[in-house]
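Heads up: the structure comes next, in structure tokens.
The values are calculated or read from the model by the stated rules, or taken from the named source; none is laboratory data. Here the structure is a predicted model, which is why all the values come from computation and not from measurement. Positions of Cβ are backbone-derived with ideal geometry, glycine not excepted, and every protein chain shown enters the neighbour counts.
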Amino acid sequence: MKTGLIILVVLIILALLVGSSFISRRNQMAIKREAVNASWAQVDVVLQRRADLIPNLVETVKGFAQHETEVFDEIAKARAGYLNATTPADKIAANSRLEASLAKVLVLTENYPLLKSNENFLRLQDELAGTENRIAVERRRYNETVQDYNTYISLFPNSLVASFGGFTRNDAYFKTEPGARQAPKVNFSTTPAPAAAPTPVPAKP
């Protein structure tokens, strides 16, 4: 009788320990998952900020390069794709297409020296540069937070708790593909045109 009681007490203690560990690990996973959501929210804000700047930037460039319709149509479609995306994974994919299209618009400025000295363009340039810096920072933080969450739920015995608790891996990373295009550059300082060579004066006979 005493032996059975001891075994029962031991089993109860083990059950309490296992249950306590399960609850603790599950709560930690919930905290890390919420950290991922909060970090994504910050990324979403700065990406939306850039998307809001694009129409004004395009309209300014159009004033100097109206015939570049193919480039303008491409960025309009890419921006619409981003705005229509709902999940982080879809927005990350749409953002890559938007960045590629934005880079093409920005490259156009090299062919229009007057645009690079336009006051409205310079203001948008500064706003875009600041936004790009914020995007880089928030994107890195988001990737680190997702990696921390994924690592935690993949470790044993956390993986068992994750399986029972409904915590799945998050693969919505910002990735740089091999040979991918450079991030949009927004430094358009005006470079003075080279001075024309003086016209030689014919020698007098």
Note on the stretch 138-175: residues in contact with a helix residue (DSSP H, G or I) (Cβ under 9 Å, 6 or more places away or on another chain) and of a type in the set (K, R) are R139, R141, R169, K175
So, first residue exposed (fewer than 15 other Cβ atoms within 10 Å of the Cβ) in the stretch 92-121, second residue in a helix (DSSP H, G or I), Cβ within less than 7 Å, six or more apart or across chains; the pairs are N120/T60
For the stretch 61-91, the count of residues that are touching a residue at least 60 places away in the same chain (Cβ under 8 Å) and assigned to a loop (DSSP other than H, G, I, E, B) equals 1
Within the stretch 126-143, restricting to residues that are within 14 Å of the chain's Cα centre (by Cα) and acidic (D, E), the one that is nearest to K116 (Cα to Cα) is E132
Scanning the stretch 29-81 residue by residue, those at pLDDT 95 or above, surrounded by 15 or more Cβ atoms within 10 Å (Cβ to Cβ) and more than 23 Å from I135 (Cα to Cα) turn out to be M29
For the stretch 1-28 the number of residues that are charged (D, E, K, R) and loosely packed, with under 10 Cβ neighbours inside 10 Å is 1
